[in-house]
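Report on one structure; see the data block that follows.
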Amino acid sequence: MLKMHELLNAAPLSQISYIRLGLLAQEAVSISVQYQISLSDIARVLHIPLRSLQYLVRQEQELSAVTSERLFRLARVASYASCIYGDLITTGNWLTRPNSVLNQMTPLSLLDTAYGGQEVERILRSIEYGLPV
């Protein structure tokens, strides 16, 4: 099984294959630690109870394909944001703070859907290129 940072750099069809097989639940913990985002916030994005996520981590289990896709979306967006902001902690703060462009929702809260992820990426592109958001 590839680590998330390796998966982010893999070819798209490889990414799809790994997502379909199920990513390790431990990757959610890694993202939580890296970006200092609470595991409960990540569990909400993944649409699974925190205790279930903790159980899967303890048992070294894989997530379902649907949950893996949400986790991969979070990792992809967080990686993109960290390229813009320059460090992981600032990125975590940006993801978890209410944003006026998003009607005071957090960018993290939108990453549970593909469309929400696209909207967060659109905002990041605007920030990256200095365009109006």
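The values are calculated or read from the model by the stated rules, or taken from the named source; none is laboratory data. Just so it is clear, the structure is predicted and the values come from calculations on it, not from any experiment. Please note: Cβ atoms are built from the backbone with ideal geometry, for glycine as well, and neighbour counts cover all protein chains shown.
Quick notes on this structure:
- All of (1) farther than 30 Å from PRO132 by Cβ; (2) crowded, with 16+ Cβ neighbours inside 10 Å; (3) in contact with a Lys or Arg (Cβ under 6 Å, 6 or more places away or on another chain) hold for ALA65 with one exception: (2).
- Extreme residue, surrounded by the fewest Cβ atoms within 10 Å (Cβ to Cβ), among residues of region 1-55 that are among the acidic types (Asp, Glu) and closer than 22 Å to ALA114 by Cβ: ASP41
- Check on LEU95, within 22 Å of GLY130 (Cα to Cα) and of a type outside the set (D, E, K, R): yes
- Within region 34-60, being within 24 Å of TYR80 (Cα to Cα) and charged (D, E, K, R) holds for ASP41, ARG44.
- Residue match in region 68-79 (condition: touching a Lys or Arg at 6+ places or on another chain (Cβ under 6 Å) and surrounded by 14 or more Cβ atoms within 10 Å (Cβ to Cβ)): no
- Residue within region 42-55 that is more than 27 Å from ILE123 (Cβ to Cβ), free of Cβ contacts under 8 Å to residues at least 40 places away in the same chain and of a type in the set (Phe, Trp, Tyr) present: yes
- Against the criterion of being more than 19 Å from VAL45 (Cβ to Cβ), of a type in the set (A, V, I, L, M, F, W, C), in contact with a Ser or Thr (Cβ under 9 Å, 6 or more places away or on another chain) and in contact (Cβ under 8 Å) with a residue 40 or more places away in the chain, ILE127 does not qualify.
- Within region 12-30, residues that are modelled with pLDDT of 95 or more reach partners that are of a type in the set (Ser, Thr, Tyr) with beta carbons closer than 6 Å, at six or more positions or on different chains, in the pairs ILE19/SER68; GLY22/SER68; LEU23/SER68.
- Number of the condition not met by THR90 [criteria: (1) surrounded by 14 or more Cβ atoms within 10 Å (Cβ to Cβ); (2) at pLDDT below 95]: (2)
- Residue match in region 102-110 (condition: without any contact (Cβ under 8 Å) to a residue 12 or more places away in the chain, part of a helix (DSSP H, G or I) and over 15 Å from the mean Cα position of the chain (by Cα)): no
- Meets criteria (crowded, with 19+ Cβ neighbours inside 10 Å and touching a Pro at 6+ places or on another chain (Cβ under 6 Å)) for LEU110: no
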